[in-house]
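Structure record follows, encoded as structure tokens.
The values are calculated or read from the model by the stated rules, or taken from the named source; none is laboratory data. Computed from a prediction, not measured in an experiment: that's the story for all the values here. Cβ sites come from the backbone with ideal geometry, for glycine too, and all protein chains shown count toward neighbours. Accessible surface is based on the protein model in full, side chains and every heavy atom, while ligands, DNA and RNA are left aside. Shrake-Rupley method; radii C 1.70, N 1.55, O 1.52, S 1.80 Å.
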Amino acid sequence: MTKLQKLSFIILLPISLFTSTAKCQENNLPAIASDYFRNPLAIPLYLAGNFGELRSNHFHSGLDIKTNQREGLPVYATADGYVSRLRVQIGGFGNALYINHPNGVTSVYAHLQKFDPLIEARVKAFQYEKQSFPIDVILTPIEIRVKKGDIIAYSGNTGGSAGPHLHFELRNTKTEETINPITLGIKIKDTTKPQMSALYIYKTNKTVFNEHTPKQYFAVYGSNGIYNLGKVGTIAVNGEFGLGITAFDQQDGSANHNGVFSTTIKLDGEIIYECVIDKFAFENSRAINAYIDYYSKLSSGRVIQKGFIAESPKIKFIKAAKNRGLMELTDQATHKIEYVLKDVEGNESVLTFNVKNNATISNKPFDNKGLLMSYKTVNKYETSEVKMSLPVGVLYNDLYFDYAEKAQPSYAISKIYQLHNKFTPLHNPFELAIKVDSSKLNYADKLIIYQLETGSQGGVFKDGYILANPKTFGNFCLRADTVAPVISAINVNDGANLSKQSVMTFKISDSLSGIKSFNGYIDNQWVLMEYDSRNGKLWHTFDEKTGFGKHLFKLVVTDNKENSKTYQITFYR
């Protein structure tokens, strides 16, 4: 394998040399040979997470490849191309690298421990140029070219990673839609069929779907692709209903419970609902909260994948949804339902059961109360103290909005305002304004909107109100943040001789609005401080910029309300 000791040259092959595949046509890409992409690691690939897996508030956009529970494995360019983007994030992808390939695909490598030395030097230069640890730099095609198999980085555990692994993606370069890498030739051994554990029947009855929609649970039995409801006979239904299921998939050699690639529901052989998670746009990733039973996830931790769609689903990988996947029987016949799950390799599992109409079963809908809001329009709600606006596209379904005011707690400077409840998912943030009491205007710039369920929502002062854009409904109040962040030195102190240390380490934290920035200086010159937000660790690695002798070190940490803390010492090298 070659290393990036010099620039590589790319030969752009004519499309006629590639093998045509239906998957490439579906993704609006030129035909791609099955061996065009190599695996990004030189070890057998086992997955900790697969494409489209159901994560917290998003569909997983790539493959999480296991690295034997350690960091530092070489990461290889999966095909010829050029490094198009270098990114260092606080949280998120951590250290990430993007390569554009001549076939219209971009490969992404994330949570990296470090980049190849040549690229690492470029990243550090960008950080010093911008005087910032987080960077996001777009490169031109002539700056860093790579060949298939070049070492570009080393696997790690940076950003929002929960353990050592490589997050790997393939995206359509033009549209930036993320594509299941296995459909484009990345090899993962998989002969294991999806597994099911529970079936749910939702009694929708042509009313607004929400946390009050009744559902009925059935245990699922079986194995090796054949599933049933055990001793349960024909299920009696009355009125409109939809289905949901708890299920997972596995790949060979891995115990991880991963996501299901394809779901099909058939009624008497007719497809009522079908989805295939082969690609999606990032702006629709949050629609996972409409794809699942959001109330069940929050209230009990059960992840139920619904077999019917919201009124405004925001999901493009739904291939069929007759009447949104909802069914209603109008005769007295027994009807057969097949719930079919497949993985990307075509391994299939089928749950089969019967349903029959029974008019004696109660189908009285829940008596929803509150202000009816349509998902199709802008919705506003105002009182003398609160203004709320839901732009078009925020709601997945119509909503019966509920509002209440509660007593002011000791830690707040306003009452608590209950905006509906946390069990209704939202696709985009909404606009919220809370009025500032006239006696608090002298420190309005220190006020934030605080959500009891999730914490600070930030906020800016304008025209007597604090404005913010929360992502979820819940309970909100105003709080004042006048306290500076905390800095704790771990392995340094004033006057210390650090000639035998390669790193200065600190812990930083902020109790309310959160850390906005951190800047370190040695002898009044900015130096790179690296940060891990998961544990609040902040550190500087000495380099040639800090020579022998006495030095002055200063660290300034500022929160999102401009409260600032300075730590300063002298040290020797």
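Sorting H60, H212 by accessible area (1.4 Å probe), largest first, what list results?
H212, H60
Projecting the Cα atoms of L390, L41, N157 onto the charge dipole of the chain (Cβ charges, centred on the Cα centre) puts N157 farthest toward the positive pole. Taking other residues whose beta carbon is less than 14 angstrom from the beta carbon of T454, and scoring Lys, Arg as +1 and Asp, Glu as -1, yields +2.
Shown here for the range 343-438: GluC sites (Glu not before Pro) in loop regions (DSSP other than H, G, I, E, B) with at most 10 other Cβ atoms within 10 Å, of which there are none. Here D80 sits with roughly 40 square angstrom of accessible surface, probe radius 1.4 Å. Overall shape: oblate for the range 282-400, with the ratio a/c of the largest to smallest alpha carbon gyration tensor axis at 1.5 or above and b/c at least equal to a/b. Taking every alpha-carbon pair under 8 Å whose residues sit at least 6 apart, the range 339-451 reaches a relative contact order of 20 percent.
Dividing the mean sequence gap of close Cα pairs (under 8 Å, 6+ apart) by how many residues the chain holds gives a relative contact order of 11 percent. The Cβ shell under 12 Å around K130 holds other residues with a net charge of -1, Lys and Arg each +1, Asp and Glu each -1. Looking at the chain, the accessible area is 45 square angstrom per residue; that uses a 1.4 Å probe and ignores ligands, DNA and RNA.
Qualifying GluC sites (Glu not before Pro) in the range 153-219, where qualification requires a DSSP coil assignment and no more than 11 other C-beta atoms within 10 Å, comprise E176.
To the nearest 10, the accessible area of K187 is 120 Å² with a 1.4 Å probe. Computed over neighbours whose Cβ is under 11 Å from that of A320, the net charge equals +2, Lys and Arg +1, Asp and Glu -1. Rounded, prolate or oblate for the range 248-300? Axes are the square roots of the Cα gyration tensor eigenvalues, ordered a ≥ b ≥ c, and the cut-off for rounded is a/c under 1.5. It comes out rounded by the Cα gyration axes.
Compute the longest continuous run of the chain that contains no exposed chymotrypsin sites (Phe, Trp or Tyr not before Pro); treat a site as exposed when its DSSP state is not H, G, I, E or B and it has at most 15 other Cβ atoms within 10 Å. Write out the running numbers ahead of the final one.
Values: sites that count: F9, F366, Y411, F548.
Between the exposed loop sites, the longest stretch runs 10-365.
Computed on the range 119-197, with alpha-carbon pairs under 8 angstrom and 6+ residues apart, the relative contact order is 12 percent. In the chain, helical runs assigned H by DSSP with n ≥ 4 each contribute -39500 (n - 2.57); averaged across all residues and rounded to the nearest 500, the mean residue ellipticity at 222 nm is -1500 deg cm²/dmol.
Rounded, prolate or oblate: pick one for the chain, where a ≥ b ≥ c are the square roots of the eigenvalues of its C-alpha gyration tensor, a/c under 1.5 means rounded, and failing that, prolate if a/b is larger than b/c, else oblate. Before the final figure, lay out each step's value.
Numbers: a/c = 2.34, a/b = 1.24, b/c = 1.89.
Oblate.
With the whole protein complex present, H335 retains an accessible surface near 30 Å², based on a 1.4 Å probe.
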